[in-house]
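Okay, so here's the structure we're looking at.
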Amino acid sequence: MKTIGVIGAGAAGLIAAGRAAERGHRVFVFEKNKMAGRKIRITGKRRCNLTNDCDLDTLISNIPGNGRFLYSSFSLFSNRSIMDFFQRMGLTLKVERGNRVFPESDNAKDVVDTLLKYAEMYNVRFCFGNRVEDILTVDGHVTGVRLSDGVEKKLDAVIVATGGLSYPGTGSTGDGHRMVRELGHTITPLKPSLVPLTVKEDWVKELQGLSLKNTAIKLTDRRGRTIYDDFGEMLFTHFGVSGPVILSASRHILKYGYKDVFLSIDLKPALSEEKLDNRIQRDFAKFSRKQFKNSLNELLPNLLIPVIVKLSGISPEKPVNQITKAERQQLVHLLKNLTCEITGSRSFDEAIVTAGGVSVKEIEPKTMESRIIKGLYFAGEIIDVDAYTGGFNLTIAFSTGYTAGNSV
């Protein structure tokens with residue numbers, strides 16, 4: 001029996017602690033918050049999309065941040081293993097659109113309670129409100145941790161599961177990165193990912209609060225090359241754009257620094273330009289005696305109409321029956337290509353996940369043990385791995401956490 005310390009009581013830390021204790025070790029979890037799983041409790045709009053019910057190739061393809069590093073941990077504890085684990089522990093699951101997996105209760109707290117139940121089954125000891133300041137080593141081997149009150153705890157191994165920088169209000173403030181950097185580990189640049197984007201154009205502010213549910217988007221670079229396209233729901237905000245398709249899109253432009261990229265929005269993706277033109281002609285015939293600004297009520301949400309009218313270049317007061325073919329085709333093009341320039345991203349406060357972290361070159365993928373310090377293991381978001389939305393990031397947390405707990 002060894003004495004193991006786990007730093008962080010999030011998704012990765014809890015399952016790592018439970019698995020290590022299940023294997024017969026004495027396990028202590030050090031959590032600076034006064035409760036476990038604070039970030040889990042707010043994920044998926046407090047419903048917790050805990051994994052994705054897809055095949056392995058799809059799983060890896062949804063992890064642009066070093067997905068191949070995870071093949072070993074997924075072979076030990078995959079997305080299907082995660083589902084089996086929670087159901088075996090008594091949590092009923094359901095699969096929704098996009099193979100997203102949620103607790104049937106739609107309550108993220110039930111996920112936390114299940115993980116705590118697992119840990120408590122094997123007598124894991126929790127030290128809440130206890131911040132770890134340093135990881136102690138001798139001759140390249142972990143010997144313990146030093147707590148914020150100066151107390152030193154002797155340990156045979158430590159699993160670092162402190163998370164990234166996203167949602168710092170939940171406790172993800174980079175403590176783990178500092179500690180392992182001091183031990184010689186490389187931390188690749190930390191950037192917010194799955195994050196709302198800011199835009200250059202002022203007209204976006206006029207659309208604040210407008211949600212578009214069936215919208216096609218496309219991101220292009222300055223040369224007009226397509227970077228990413230998607231279909232789904234997006235939201236206009238006072239600073240720019242957000243919503244599921246935007247959060248996914250943000251990861252694809254991370255390497256551009258979230259700048260010098262153009263977002264094109266197709267407001268009518270179900271219609272070709274020709275069919276949309278025919279639709280507008282029918283509306284114009286119906287409202288032929290109205291002014292242009294009053295002719296789009298059946299085509300667009302009310303909040304969007306003044307913006308489209310202004311951007312179209314057609315006089316708002318112009319009678320519909322006087323709008324030329326060229327003006328109408330210009331309107332069609334605008335509705336199919338409403339474009340704005342991305343100027344940046346919001347902060348870690350609003351990012352779902354952190355891109356960057358402990359270099360995967362310095363971690364043994366089969367065990368999650370450091371290749372620099374013996375007895376030092378990593379799990380979850382502190383590692384330089386990150387994924388798109390859809391349950392993939394929690395899959396990484398659970399899989400790497402279980403692998404670390406199984407190997408320690």
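Potential lengthening of the chain between residue 89 and residue 208 amounts to 38.5 nm, from the contour at 0.36 nm per residue minus the alpha-carbon distance. When each of the peptides 154-164, 36-46 is scored by how many other beta carbons lie within 10 Å of its residues on average, the order from highest to lowest is 154-164, 36-46. Here the chain carries DSSP beta bridges of which approximately 75% are antiparallel, counting only pairs with both residues inside.
Express in whole angstrom the spacing between the alpha-carbon centres of segment 312-338 and segment 1-72. So the two Cα centres are separated by 53 Å. Taking every C-alpha pair closer than 8 Å and separated by at least 6 residues, the mean separation divided by the residue count of the chain gives a relative contact order of 25 percent. Once the C-beta distance of residue 121 and residue 259 is scaled by a Förster radius of 30 Å, the resulting FRET efficiency is 0.05 to the nearest 0.05. Excluding residue 362 itself, what net charge comes from residues whose Cβ is under 15 Å from its Cβ, given Lys and Arg +1 and Asp and Glu -1? Cβ neighbours under 15 Å give a net charge of +1.
In plain terms, the chain from residue 337 to residue 42 could stretch by 102.7 nm, reckoned as 0.36 nm per residue minus the Cα-Cα distance.
When the helices of the chain are scored as -39500 (n - 2.57) per DSSP H run of n ≥ 4 and the total is divided over every residue, the value at 222 nm lands at -9000 deg cm²/dmol.
Provide the FRET efficiency to the nearest 0.05 for the residue 326-residue 231 pair, computing r from the beta carbons and using R0 = 41 Å. Write out the running numbers ahead of the final one.
Values: r = 30 Å, r/R0 = 0.72.
Working from the Cβ atoms, E equals 0.85.
Stretching residue 75 away from residue 96 to a fully extended chain increases their span by 5.1 nm, per 0.36 nm per residue minus the current alpha-carbon distance.
The H on the amide N of residue 134, modeled in the peptide plane, is under 5 Å from the matching H of 146, each at least 5 residues off or on a different chain.
Kindly rank 7-17, 237-247, 174-184 from highest to lowest mean number of other beta carbons found within 10 Å of each residue.
Highest-to-lowest ranking by the protection proxy: 7-17, 237-247, 174-184.
Within the shell of other residues whose beta carbon sits under 15 angstrom from the beta carbon of residue 314, the net charge comes to +2, with Lys and Arg scored +1 and Asp and Glu -1.
Computed from the coordinates by the stated procedures, all read-outs in this text should not be read as laboratory data. Given the structure is predicted, the values throughout are model-derived calculations rather than measurements. In this analysis, Cβ positions are derived from the backbone assuming ideal geometry, glycine residues included, and neighbour counts consider all displayed protein chains.
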